[in-house]
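Structure first, commentary second.
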Amino acid sequence: MRWSDRLLRLPPLIVAGDRFSGWLGVLVGWTAIGFGASAASRATGLLLSYRDGACGALSQSICQVSGWGGLLMGMVALAGGTAAWVFMARGFGPPATWWVLPIGLAALALAPFSAAEGAALSPVWLLLTLVAGALALVLAALAAGRGKAARYGWIRLDGLDAREAAHRGVDKLVIPLAALALVIAGGVFGAHVIRLLSEA
């Protein structure tokens, strides 16, 4: 068995999906993932900045507290988002091994771009950024290659597969676009919250 088959293994059970709970999974899961990834990325940028006094008018203590608080908030949102759609939705949530991991790695790769101007970034961190970005692209490509079940988020964290849910043609078009819009909206909101925390 190839390593990609182990990472992106097919679920053992197939359950009947439900359109209402499926949309609940889209609204809650993807928004939480976008918020968590963005908040964690921006907060990591603050943590990279405070040692160099690059937080502007903010004191180092405020910058550090905002950074660690935002990082914790982002991690909680990522974990809560994946858990919420497992219990609330029959599919259409972001699968943990297929999308949460690539989005988390992408957030790590973007963290240096959230650092304040003047922050010094070590070569080790820059190398980590390149590796995280490359892994995110590879995992996203593997997930997309798994077909509709991966792209729509039908595979749930507990291994159940809701691919038998009845879908109209419009659902097949709108659901991926809605998930993309929600993860972007959640990311923008997460960045806004961290900006407010850093200015408090």
Original post:
What do you reckon, how do I62, I103 stack up by accessible area (1.4 Å probe), largest on top?
Top reply: I62, I103
Original post:
What order, most packed first, do the peptides 186-199, 132-145 have when packing is the mean number of other Cβ atoms within 10 Å of each residue?
Top reply: 186-199, 132-145
Original post:
Between A83 and S61, what FRET efficiency follows from the Cβ-Cβ distance if R0 is 35 Å, with the result rounded to 0.05?
Top reply: 0.60
Original post:
What FRET efficiency do you get for H192 and E117 if R0 is 30 Å and r is their Cβ-Cβ distance, rounded to the nearest 0.05?
Top reply: 0.95
Subject >> Net +/- balance of residues flanking A191 in space, Cβ distance below 14 Å, scoring K and R +1, D and E -1 >> reply: +1
Original post:
If packing is taken as the mean number of other Cβ atoms within 10 Å per residue, what is the order of 28-35, 73-80, highest first?
Top reply: 28-35, 73-80
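The values are calculated or read from the model by the stated rules, or taken from the named source; none is laboratory data. None of the values given here were measured: they were computed from a predicted structure. Virtual Cβ from ideal backbone geometry, glycine too; neighbours counted across all protein chains shown. SASA here: full protein model, heavy atoms, side chains in, ligands and nucleic acids out. Shrake-Rupley method; radii C 1.70, N 1.55, O 1.52, S 1.80 Å.
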